[in-house]
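First comes the structure, then the notes that go with it.
Every number here is computed from the coordinates shown, using simple stated rules; none is lab data. For clarity, every value in this text was computed on a predicted model and none was experimentally measured. In this analysis, Cβ positions are derived from the backbone assuming ideal geometry, glycine residues included, and neighbour counts consider all displayed protein chains.
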Amino acid sequence: MTQSEIDTIIEEHGRKESAILAILQRIQSKENYLPKEDLEYISQKLKIPLTSIFRIATFYNALSLKPRGRHKIDVCLGTACHVRGGGKILEKLERELKISVGETTKDKKFSLESVRCLGCCSLGPVAVIDGQVYGRLTQDKIPSLLKEFK
Amino acid sequence: MKIRTKTDLEKIKERGIEILYPKGIKISVGMATCGISTGAQKVYETIQNEVEKSRLPIIINQTGCIGFCQREPVVDILEPGKPRVFYQEVTPEKAMRLVHEWIENRVIKDWLFFKMEDEEWIVDNKFWNYSIKQLPKGLDGAYIYRQIPFYNKQLKIALRNCGFINPDHIEEYIARGGYFPLYKALHEMKPEDIIEEVKRSGLRGRGGAGFPTGQKWESCRRAKGDIKYVLCNADEGDPGAYMDRSVLEGDPHSVIEGMIIGAYAIGAHEGFIYVRDEYPLAIKKLQTAIHQAEEFGLLGEDILGSGFSFKINLFRGGGAFVCGESTALMASIEGKVGEPRAKHIHTTESGLWDRPSNLNNVETWNNIPVIISRGSEWYSKIGTDKSKGTKVFSIVGKVNNTGLIEVPMGITLREIVYEIGGGIPEGKKFKAVQTGGPSGGCIPESLLDLPVDFDRLTEVGSMMGSGGMIVMDESTCMVDVAKYFMNFLKDESCGKCTSCREGTKRMHEILTEITEGRGKLEYLDLLEELGWVTAEASLCALGGTAPNPVLSTLRYFRDEYKEHIINRRCPAKVCRALLKYRILPEACTMCGRCAKVCPADAISGKRKTKKEEGIPFKIEEEKCIKCGMCFESCKFNAIEVQ
Amino acid sequence: MISFTIDGQMVEGREGQNILEVALDSGFDIPHLCYNENVKPYGACRLCLVEVSRKGRSRLTTSCNYPVLEGIEVFTTTEKVLRARKMVMELLLAMCPGSPLLQRMAKDMGINEVRFKKEDKDCILCGLCARVCDEIVGAHAIQFAFRGDRREMGPPFMEEPKDCIACGACVVVCPVNVIGMKEEGDERTILRWKRTLKMRQCKVCGNYFAPWFQLEKFREKAKLPKDYFDVCFTCRG
């Protein structure tokens, strides 16, 4: 993000230190990760030590320091989905995409994450891709599902 | 327009009633997350297009979740003079048809969910009657809403409006009695009176700890300081629990109203609602509701002409379970990481920015307007001796009817699982019900007649928690469940305390050893010791309750642990390392499907064709990664799992 | 003065003090790792646990951050306390089995074996280095990052800390001595953070006495003249 874009976001949040999480979430949502230079700039602008910002960036699940893929796959590992085989779906995805959970494919197409409980428990096992919920998943549905995404 | 007087409020109520019960046909689609995830958006659009295209005199509407999430998408049709009819599992195709059938004064029996002849307005203590004058054809024999086992034993206080109103219309909330309790509180009661009422009602915190709400409010009111805060904990993090989400998506004003009343009683002028990052729809609904409340003068300066001012800020979480802990939540709002701090000085005295702060859960706040309106005496008659009122539970897992239910405290687990939940699917045997999320424990069959309330659940090694209830059957491995929760907790621990960080890590490590066939009997005692120190030596409730899943499964299912250790066997056939996949040569039809899908190339054999005999397929144990794909693909039940 | 008892003995503390400091001053031996009287207490290690009885209720709590209150009864060696401390020590030792300090403390507590898979970490995650850097030095060069069992202490991005002035305070305060500092020629390195800075030479005695970067920071803050640190502290006096 450009410095002036960051300045705008900081202004919108009233230049408050306590808004740091919201500010970082804005950057994450636009850039798909938190670029190091952006964090250094925010540290300067808001006069928050870089150590504090790095701490926050690594504490919260919503933030990532590494670029996430164009399509984010969130496999629900909530208790109900786990009991219905959510773990197997995750492993199938790991095999198909050749990455582990928490990673992004080399071509930056997909990111694979796990999430706890989306509240669609009656549809389990469930995965959310780009905000769209796919329920009643079985291992054999995965390859064709992935093909739907460019 | 800003509401200033009771007359203003009543005018809006009338307007709201007209919107809720219009003169023509109104079709509502359940559009909470459960609905949307099953395709309610397409259903809504289909009906919308059809109505526009055919120029039908129909109003289309969205509501929240009516609780029986399994049967979503749910569509209901309302027309003056007729019963209100609800359809279940509606698809876009079905939607088209049932709209047209309705116009012909017919219903499609097989797709029906239930019918309603009246609605309970619990805030106003009355029923809205549909004044039925005619019945559409095909409706005979349809269940009435309250007759359905799922709804029969429920008493909806917190869920009073969910599924009945459009959460984006404040007028509908007001129509069903909303914001009248606020008027009463601001104009007819003193702050001390309100606190007394809440105390007398016996309301205890619905977030999990069950602390008496009135007492909390009182200590916050008494605390020194001009600036105080009220906070709403909407960081519902228990996997399997989504009660708060439903309330926020379906009836956000109920929480806002509760907070305004609480703020007035305590003397706070600013509030925060901390919503979990993973709930985008709830955040959206809250934003709309807060904005509307401000427009109507229910938030801001001089609320309802009372002179009391209060504003609410929405704070979005960053994805951390530990932020559901009160001091961690406050640290997060302050712009820090969600690390809990010692509570020798309570947050009611020194909380957010070191000021007196009162934090309550979504469901707790939502109960307040009803208590103010109906009175503490009425409320305290519901529930048990020490646990008053109702509780919303999410009943999920291996049970026929999954969804959200609200029942009076004191109902037994058996009633919930069998009567409301409809029992275990596929005729399997009940094994346990997990309550309280990662802080709770598993309750076995022998304790199914336990009345559900705060203290009874804690006595048996579990806890009420936020209300998640996960039903498990014989195909659930309890050791695996304990491992699952430990995995969650060690990730979500903030990591500060040695006892929690290392304790959860080591418990997970040991459970992994056991589920992978490397367990030793002495591990069981070691787990109990680790559990003890994690709970006793850690700072906050995450560490304090972390051992519960392990300790409760050890208490009631010790034999299952022993089976994993001594015989290296998983009776529920879940723990992969202990399984053997085997193709039964007699049953194998040599279709070759399993070999095709095997990712490890572990299956060999020869396909039977018209020309060749074929050789029964066989799985090579060393190569098998136990993914289960062969098992899933075999259409002849020729693969057995040992 | 606030009066309370520790193991039945009457002691006195001032408002704002915590139980641990009064206990240590009064000769009670409560083990602790993440406590240092020069910085704010944190409560991470969980070794300083005691049982506190207040208004009829007793609970296990860390003594380093529990305020002294009138009339409380503190117990430092109950069975519960000893059992908890022992397990916490065992967990610490399993994390950092190579630490001589931890080995000695464990032996004193009667721990003969570690029943968990030994890791080979050296940092006990007490946070003292960061607290000293934040509260006393004000450089904010290192801090905790990540969460749960992936928690670590280090500079941002785990790269060379650009704000570190190589003062060595963290080296000194670390209870398990795993940070380390070395000086070679005109360079000083804080080993764990891989921070190397060039030192300034005293115009009088010729010794390398402090890093340029550090001195420049002081000069800026205190608005001192450019040649102020031409002479080292020893020669100046």
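Data for the structure
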item	result
Cβ-based exposure ranking for B:H291, C:H32, A:H13, in which fewest neighbours within 10 Å come first	B:H291, A:H13, C:H32
In segment B:478-566, lysine pairs with alpha-carbon atoms under 14 angstrom apart (chain gap of 8 or more, or interchain)	4
Where labels lie 7 Å past Cα in the beta-carbon direction, separation of A:L146 and C:K203 in nm	6.9
Debye, to nearest 20: dipole size of segment B:580-641, +1 on Lys, Arg Cβ, -1 on Asp, Glu Cβ	280
Centre separation in Å (Cα based) which lies between segment C:94-151 and segment A:19-83	27
Ranking of B:F485, B:F211, C:F28 by count of other Cβ atoms within 10 Å, fewest first	B:F211, C:F28, B:F485
Amide H contacts of B:C494 (H built 1.01 Å from N, under 5 Å, at least 5 apart or other chain)	C:G148
Cβ charges +1 (Lys, Arg) and -1 (Asp, Glu), total dipole of chain B, debye	1200
Burial ranking of peptide ranges B:523-536, B:311-324 (average Cβ count within 10 Å, highest at the top)	B:311-324, B:523-536
Fewest-first sequence of C:K55, B:K505, B:K429 by Cβ atoms within 10 Å of each Cβ	C:K55, B:K429, B:K505
Environment charge at C:C174 (Cβ cut-off 14 Å; Lys +1, Arg +1, Asp -1, Glu -1)	+2
Reachable aspartates and glutamates from B:K82, criterion Cα separation under 12 angstrom, eight or more residues apart if same chain	B:E117, B:D118
Label point 7 Å beyond Cα of B:D168 along Cβ direction - residues of segment B:56-74 with amide nitrogen under 19 Å	B:58-66, B:74
Helix axis angle, A:86-97 relative to chain A longest principal axis, alpha carbon, degrees	80
Long pairs among B:K216/B:K388; C:K182/C:K223; B:K388/B:K431; A:K92/A:K147, criterion Cα-Cα beyond 19 Å	C:K182/C:K223; B:K388/B:K431
Modelled FRET efficiency - R0 22 Å, C:E15 with C:S53, Cβ distances, 0.05 increments	0.60
Given B:K199/C:K55; B:K137/B:K285; B:K94/B:K137, the pairs whose alpha carbons are separated by over 28 Å	B:K137/B:K285
Summed side-chain charge close to B:H291 - residues other than B:H291 whose Cβ falls under 13 Å, Lys, Arg +1, Asp, Glu -1	0
Segment B:107-172 and segment B:373-404: distance between their alpha carbon centers, rounded to Å	19
Qualifying aspartates and glutamates (Cα of each under 17 Å from Cα of B:K428; at least 8 residues distant if same chain)	B:E419, B:E445, B:D473, B:E474
Label-point separation, C:E37 to B:R15 (7 Å along Cα→Cβ), nm	6.9
Modelled label reach - A:A22, point 7 Å along Cα→Cβ, segment B:351-381 residues with backbone N closer than 18 Å	B:352-353
Length added when fully stretched, A:Q3-A:K45, from 0.36 nm per residue minus Cα-Cα	14.1 nm
Proximal aspartates and glutamates to B:K608, defined as alpha-carbon separation beneath 15 angstrom and excluding residues fewer than eight positions away on the same chain	B:E586
Members of A:K66/A:K109; A:K47/C:K226; B:K398/B:K580 lying beyond 22 Å, as alpha-carbon distances in this model show	A:K47/C:K226; B:K398/B:K580
Chain B: calculated mean residue ellipticity at 222 nm from DSSP helix runs of at least 4, using -39500 (n - 2.57)	-11000 deg cm²/dmol
Positive minus negative residues near B:K153 (Lys, Arg vs Asp, Glu; Cβ under 13 Å)	+1
Ordering of B:92-104, B:610-622, B:509-521 by burial proxy (mean other Cβ atoms within 10 Å per residue, highest first)	B:509-521, B:92-104, B:610-622
Estimated distance in nm for a label pair at B:K386 and B:K137, the labels positioned 7 Å out from Cα along Cα-to-Cβ	6.1
